[in-house]
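Heads up: the structure comes next, in structure tokens.
A short reminder: the numbers here are calculations on the coordinates, not readings from a lab. Everything numeric here is computed off the predicted structure, so don't read it as measured data. Quick reminder, even Gly has a Cβ in these numbers, built from the backbone with ideal geometry, and neighbours come from all protein chains shown.
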Amino acid sequence: MKNARIATVPALFLALAALSCAHRAPQALDPRPNIDLPSSPRTLRVAISPDVPDEFKTRGGGTRAIKVRLWRTALENGFRNAFSEFFKVVPPDAPADLTLEIAETDLRPAMVTSQAARAVLRYKARLLDGSGQVLMRQAGEASSRGVVYQAWDFWQVEREAIESMYEEIAAKFFGANSGVPEPVAPQAKPANDPI
């Protein structure tokens with residue numbers, strides 16, 4: 001009997017080690033929003049409110065609390081991946097023509113069935129000009145496209161919710177009907193213009 005217990009300990013240890021590896025989320029999420037905007041010569045930065053935590057536990061949604069880590073980094077990564085192709089993205093502490101301010105976020109799981117959940121991200125965002133004046137505001141609720149069946153996989157739908165949030169913000173603030181004018185480039189004088 002004693003030998004059976006001793007043989008069980010390494011097997012149990014290996015099973016726990018395998019589970020801990022399977023449950024581990026990436027160090028920092030790298031959301032990649034699907035955005036297509038016209039190129040702009042303007043500089044753009046992100047300013048995430050100090051009220052947005054970097055680590056927290058989700059609440060509500062009919063599931064147990066899920067620990068979220070490196071949230072601010074995930075938001076910064078999603079911003080950079082969303083807009084760096086279309087704007088000159090500058091660091092958060094650099095002056096910029098435009099600032100996307102993430103004023104508030106609230107990430108929660110939402111049960112779709114008794115076994116599956118998606119991520120829902122309520123947010124408030126503002127677009128500021130270079131002097132800090134608010135040009136536009138957006139309050140919304142972005143959802144992941146997919147669902148997960150295990151709490152330790154929640155990071156996958158967390159990433160998708162961030163992608164959806166930036167896709168909504170891009171459409172509202174920079175889409176064809178956004179109302180944010182592009183800067184007018186000075187026109188060159190014709191070569192034969194006497195003035």
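Some notes on this structure:
- Candidate set: the stretch 27-85, residues that are of a type in the set (Ser, Thr, Tyr) and loosely packed, with under 13 Cβ neighbours inside 10 Å; chosen: the one nearest to the chain's Cα centre (by Cα): SER84
- Residues being crowded, with 21+ Cβ neighbours inside 10 Å, without any contact (Cβ under 8 Å) to a residue 60 or more places away in the chain and not in a strand (DSSP E or B) - total across the stretch 129-163: 3
- Residues within the stretch 42-72 that are more than 15 Å from GLU104 (Cα to Cα) and outside any strand (DSSP E or B), tallied: 11
- Close pairs (6 angstrom Cβ cut-off, 6 or more residues apart or separate chains): touching a residue at least 40 places away in the same chain (Cβ under 8 Å) and at negative phi in the stretch 64-80, surrounded by 15 or more Cβ atoms within 10 Å (Cβ to Cβ) and assigned to a loop (DSSP other than H, G, I, E, B) anywhere: ILE66/THR58; ALA74/LEU29; GLY78/PRO31
- Residues that are in a loop (DSSP other than H, G, I, E, B) and crowded, with 20+ Cβ neighbours inside 10 Å within the stretch 86-108 comprise PHE87, ALA96, listed in sequence order.
- Cβ-Cβ under 9 Å pairs, at least 6 apart or on other chains, the stretch 88-115 side at negative phi, far side among the aromatic types (Phe, Trp, Tyr) and surrounded by fewer than 15 Cβ atoms within 10 Å (Cβ to Cβ): GLN115/TYR149
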